[in-house]
1. Within the range 207-231, which residues are surrounded by 15 or more Cβ atoms within 10 Å (Cβ to Cβ) and over 16 Å from residue 248 (Cβ atoms)?
2. Consider residue 210 against the criteria (1) farther than 15 Å from residue 169 by Cβ; (2) in contact (Cβ under 8 Å) with a residue 60 or more places away in the chain; (3) in contact with a strand residue (DSSP E or B) (Cβ under 9 Å, 6 or more places away or on another chain): it satisfies all of them except one. Which criterion is unmet?
3. Every residue in the range 247-273 that is over 15 Å from residue 287 (Cα atoms) and touching a helix residue (DSSP H, G or I) at 6+ places or on another chain (Cβ under 6 Å), please.
4. Which number in (1) modelled with pLDDT under 95; (2) outside the structural domain of residue 262 (by TED's automatic domain parsing) marks the one condition that residue 110 misses?
5. Let me confirm something: among 153, 163, 148, which residue is over 17 Å from residue 282 (Cβ atoms), without any contact (Cβ under 8 Å) to a residue 40 or more places away in the chain, in contact with a strand residue (DSSP E or B) (Cβ under 9 Å, 6 or more places away or on another chain) and not in a helix (DSSP H, G or I)?
6. List every residue pair whose Cβ atoms lie under 6 Å apart, where the two residues are 6 or more positions apart in sequence or sit on different chains, the first residue falls within the range 41-57 and is surrounded by fewer than 16 Cβ atoms within 10 Å (Cβ to Cβ), and the second residue, located anywhere, is at pLDDT 90 or above.
7. Which of the residues that make up the range 70-103 are farther than 15 Å from residue 7 by Cβ, touching a helix residue (DSSP H, G or I) at 6+ places or on another chain (Cβ under 8 Å) and assigned to a helix (DSSP H, G or I)?
């Protein structure tokens, strides 16, 4: 058995448009977490182009790998295992990461651990924690490609309780941002403008009587609203109020489903993860709702903004806590 009391895992994440390599100690202490973002490249097209993303990963992979090792101040002999994102994600992007990880594992004679990208987000809240989270944990993952409510009953004991039946919240943020002319990525742009506006429009939240999520209807409602107010995109108040109304509808949908599931699955902790976990409005809404419970569970979200978006440190954390 190659497990040691102290373990260093080098991890690689290339599921979409961030090339990331990290070195993490015991699944919690981040020695390095280098992220090469492609935001500027994809902003030109208003979204991620898979072929472009894969080529960019190839260009920067080796420099990012070297920087991660240098920043962590470790040698290959100190690395105990290599972890890599297996799925889901863009096929071309995933291939770059998996080939790199496989080659390194073979060359350095290290075990290779393949990690589900969603599981990585689920363990992003374990990074830099002073105290280990306590099971059972209800995790709300909200990202560009997925929304789930997952119950973690123990190490490697997951139960999917709800998921998106069509579009994810993160995708909706990007599409609505484009409709309003706010650019890419949509999350930060919508949040910034929403803070300057008021939720004057009541948009639908989708599947109000179910636990699952749906954001396709919300996107369509915003589209119709913009079309019905043709010519007002130059009006800052209109754009800000529409952004605020949309953001509230997303938060309403997520929080209502979270609280409904929580009533039937009492837990010790609630975790918010994924790219949209960076949204302060959503964080505050969840905190407010949980505080009204007679025995509020501990609420956690990633310690740093860089752990909300795609990053390799969360992949190392998942690899460690799921296997050791």
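The values are calculated or read from the model by the stated rules, or taken from the named source; none is laboratory data. Here the structure is a predicted model, which means the values were calculated and not measured. Cβ coordinates were reconstructed from backbone atoms using ideal geometry, including for glycine residues, and neighbour counts include every protein chain displayed.
1. 207, 211, 212, 214, 216, 226, listed by residue number.
2. For residue 210, the failing item is (2).
3. 247, 249, 250
4. The number of the failed condition is (1).
5. Only one candidate qualifies: 153.
6. Taking only residues 6 or more apart or on different chains, the pairs are 46/178; 50/90; 50/92.
7. 91, 92, 93, 95, 96, 97, 100
Quick grid of which residues meet (1) modelled with pLDDT of 95 or more; (2) assigned to a helix (DSSP H, G or I):
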| residue | (1), (2) |
| --- | --- |
| 230 | no, no |
| 255 | yes, yes |
| 267 | yes, no |
| 271 | yes, no |
| 283 | yes, yes |
| 290 | yes, yes |
| 299 | yes, no |
| 306 | yes, yes |
